[in-house]
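Only one structure is covered here, and it is reproduced in the block below.
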Amino acid sequence: MLILGLETSCDETGVAVYDSERGLLAHRLYSQIAVHAEYGGVVPELASRDHVRKTLPLVNEAMAAAGHTLQELDGVAYTQGPGLVGALLVGASLGRSLAWGLGIPAVGVHHMEGHLLAPMLEEESPDFPFVALLVSGGHTQLVHVAGIGEYTLLGESLDDAAGEAFDKAAKMMGLPYPGGPELSKLADSGDDKRFSFPRPMTSRPGLDFSFSGLKTAVRTTILEQAVEGVLDEHTKADISACFQAAVVDTLAIKCKRALKQTGLKNLIIAGGVGANKLLRQQLMEMTKKLGGQVFYPRAEFCTDNGAMIAYAGCQRLLAGEQADLSLSVVPRWPMTELNSIVSASTASQGKP
Ligand code: KG4
Ligand code: ZN
């Protein structure tokens with residue numbers, strides 16, 4: 001089954017061509033960083049307009065790179081939610097129209113399910129069941145994954161997502177947007193012992209997270225250390241290293257607890273923060289000690305991309321799901337509402 005995948009939920013236009021027999025054939029990604037950089041964050045209207053400009057040219061490029069024509073496609077998958085409503089509507093309208101014009105099925109994909117299944121695109125991928133740590137700009141969740149669509153939420157952030165905390169801490173130090181990768185780069189040259197930041201909610205039981213106190217600790221440290229409102233580069237690097245260590249420790253402690261609680265050995269990390277090297281390294285060591293293994297997508301598929309949408313959409317189309325002709329996107333959409341793929345063929349449409 002040859003599937004075109006479209007991702008337009010936020011500030012990246014991702015397009016991919018995936019074949020259920022041959023795997024990923026081609027993918028293209030356009031990042032809107034330059035469009036939003038001067039505003040210090042994503043401007044939804046600008047994001048939508050840029051997706052309008054870029055999606056179709058990327059579809060043509062990806063199809064040519066895959067060596068196929070649109071007429072050879074068997075289905076189209078697009079991100080249906082969660083995300084920015086205008087941005088989602090661009091991918092959904094294009095995906096739906098293409099499918100209608102070609103007389104093939106289309107399916108709306110849950111963005112976080114896309115992230116969660118991204119490790120399946122790699123040669124070494126986990127068998128079900130496993131625990132998933134989903135860490136992106138909008139989500140921090142621990143999920144028990146029994147199969148595709150069989151998701152039980154074990155814990156989540158009660159306030160900021162981990163990626164959001166990275167971005168806000170970076171912004172406080174005047175680092176350019178997007179802050180997470182910039183802060184992480186700076187942390188490489190910093191002393192992670194200079195400031196003592198909290199590991200929130202780790203001293204009490206449970207699998208929920210909270211990152212707002214850590215953000216406050218960073219703000220207080222900046223105020224204490226700044227001379228006439230300016231932080232020297234050395235201190236910025238030290239704050240970055242201490243902040244990164246605190247977030248990574250917190251995530252690792254909760255992942256370990258989730259594995260012990262579920263009795264499972266394997267963990268996957270997905271979502272933008274999954275590109276963080278320290279997080280990968282620490283989770284690798286932790287799972288190894290427990291006799292398990294950690295799986296993650298290659299770095300470029302940790303952040304938003306079309307390949308994960310094409311893969312997830314392909315699994316759902318293979319199970320008989322398809323969107324009806326109405327066009328709906330779902331800006332807020334709990335992943336636990338998804339249909340299990342086993343029951344997908346008997347369920348109606350698989351979407352709220
Ligand atoms: O999954 P993603 O591309 O978009 C969302 O669905 O949110 O995740 C983006 C988030 C941003 O908050 C970004 O700062 C963070 O992932 N991020 C990182 C790194 N790379 C991206 N955070 C920490 N370290 C990184 N290397
Ligand atoms: Zn994402």
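Only the coordinates and a few stated rules stand behind these numbers; no lab work does. These figures come from a predicted structure and were not determined experimentally. Here the Cβ positions follow ideal geometry from the backbone for every residue, glycine too, while neighbour counts run over all protein chains shown.
A few remarks follow.
- Working note: Karplus 6.51/-1.76/1.60 with θ = phi - 60° gives the stretch 51-65 the couplings 4, 4, 5, 9, 4, 5, x, 5, 4, 4, 4, 5, 5, 5, 5 Hz, where Gly and Pro are set to x.
- Packing-based exposure ordering (other Cβ within 10 Å, fewest first) of 79, 336, 69: 69, 336, 79
- Over all other residues within a Cβ to Cβ distance under 14 Å of residue 40, the charged ones net out to -3, with Lys and Arg as +1 and Asp and Glu as -1.
- Counting only alpha carbon atoms, the long axis of helix 306-318 and the longest principal axis of the chain meet at about 50°.
- Filtered trypsin sites (Lys or Arg not before Pro), the stretch 1-105: DSSP coil and at most 12 other beta carbons within 10 Å: 22
- Candidates per trypsin sites (Lys or Arg not before Pro) in the stretch 245-334, loop by DSSP, up to 13 other Cβ within 10 Å: 298, 332
- Extension gain from residue 74 to residue 253, taking 0.36 nm per residue of separation minus the Cα-Cα distance: 60.1 nm
- Secondary-structure-derived ellipticity at 222 nm for the chain, considering helices only, amounts to -13500 deg cm²/dmol, per-run term -39500 (n - 2.57) for DSSP H runs with n ≥ 4.
- Where GluC sites (Glu not before Pro) fall in DSSP loop in the stretch 1-98, at most 12 other Cβ within 10 Å: 21, 38
- Residue order for 308, 1, 112, fewest other beta carbons within 10 angstrom first, comes to 1, 112, 308.
- In this structure the amide hydrogen of residue 26, modeled in the peptide plane, comes within under 5 Å of the amide hydrogens of 17, none closer than 5 places in sequence on its chain.
- Linear extension gain, residue 337 paired with residue 127, 0.36 nm per residue minus alpha-carbon span: 73.4 nm
- Beta bridges by DSSP in the stretch 1-143, antiparallel share as percent, to the nearest 5: 65 percent
- Distances between placed amide hydrogens fall under 5 Å for residue 154 paired with 142, 143, 144, all partners being 5 or more residues away or on another chain.
- Fewest-first ordering of 269, 148, 222, 33 by other beta carbons within 10 Å of each residue's beta carbon gives 33, 222, 148, 269.
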